[in-house]
Amino acid sequence: MTQKSYYPKAAERDDQWFIVDAAGKNLGRMASEIAKVLIGKHRPEFTPGVDLGDHVVVTNCGQITVTGAKLDDKMYYRHSGYPGGLKERTLRQMLDTYPDRVIRQAVWGMLPHNKMGRKLLKKLKIYKGSEHPHGPQQPKQLVLD
């Protein structure tokens, strides 16, 4: 008789919701903790290649902090696809106009860049203020190290 190892199914999981208040938190450290929860590495039944992650709600995303001179040195690039269409913005400009994209891009950099990573990124909800529509899910506070 052989022993079979347990392989968790995505349908068997029970999704949890976590909330993170980004005010005063360091961008990179917060993004790595969020990525761990989205991937599911905080669970004892974690299995690579299986979506066992939870949902994360981030509030006050415009009030994050960074170390050093990153506010003016860190650049975000995008290209329109046309010649000469490279646009660049500093972190300070991004936080003024699109603070949610800063956190989304930081977390995306820490997720797998494949179908699973794109699916996991949809479980991340980011809001500029402290108000969010996910009260009925009763999110628990995510303790960041």
Considering the range 50-82 alone, what residues qualify as being among the β-branched types (Val, Ile, Thr), under 26 Å from LYS119 (Cβ atoms) and free of Cβ contacts under 8 Å to residues at least 60 places away in the same chain? VAL50, ILE64
Out of curiosity, is THR47 in contact with a Phe, Trp or Tyr (Cβ under 7 Å, 6 or more places away or on another chain), without any contact (Cβ under 8 Å) to a residue 60 or more places away in the chain and over 22 Å from GLY129 (Cβ atoms)? yes
Residue satisfying all of: in the range 1-37; of a type in the set (Val, Ile, Thr) and in a strand (DSSP E or B); farthest from VAL56 (Cα to Cα) among these: VAL20
When you scan the range 46-145 for strands (runs of 3 or more DSSP E) that lie fully inside it, which ones turn up with 2 or more residues that are modelled with pLDDT of 95 or more and under 19 Å from TRP17 (Cβ atoms)? 55-59, 124-126
Restricting to the range 1-52, name every residue that is within 15 Å of VAL143 (Cα to Cα) and of a type in the set (S, T, N, Q). GLN16, ASN26, SER32
Can you pull out every residue in the range 86-126 that is touching a His at 6+ places or on another chain (Cβ under 9 Å) and farther than 25 Å from GLY40 by Cα? LEU86, LYS87
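The values are calculated or read from the model by the stated rules, or taken from the named source; none is laboratory data. Here the structure is a predicted model, which is why all the values come from computation and not from measurement. Please note: Cβ atoms are built from the backbone with ideal geometry, for glycine as well, and neighbour counts cover all protein chains shown.
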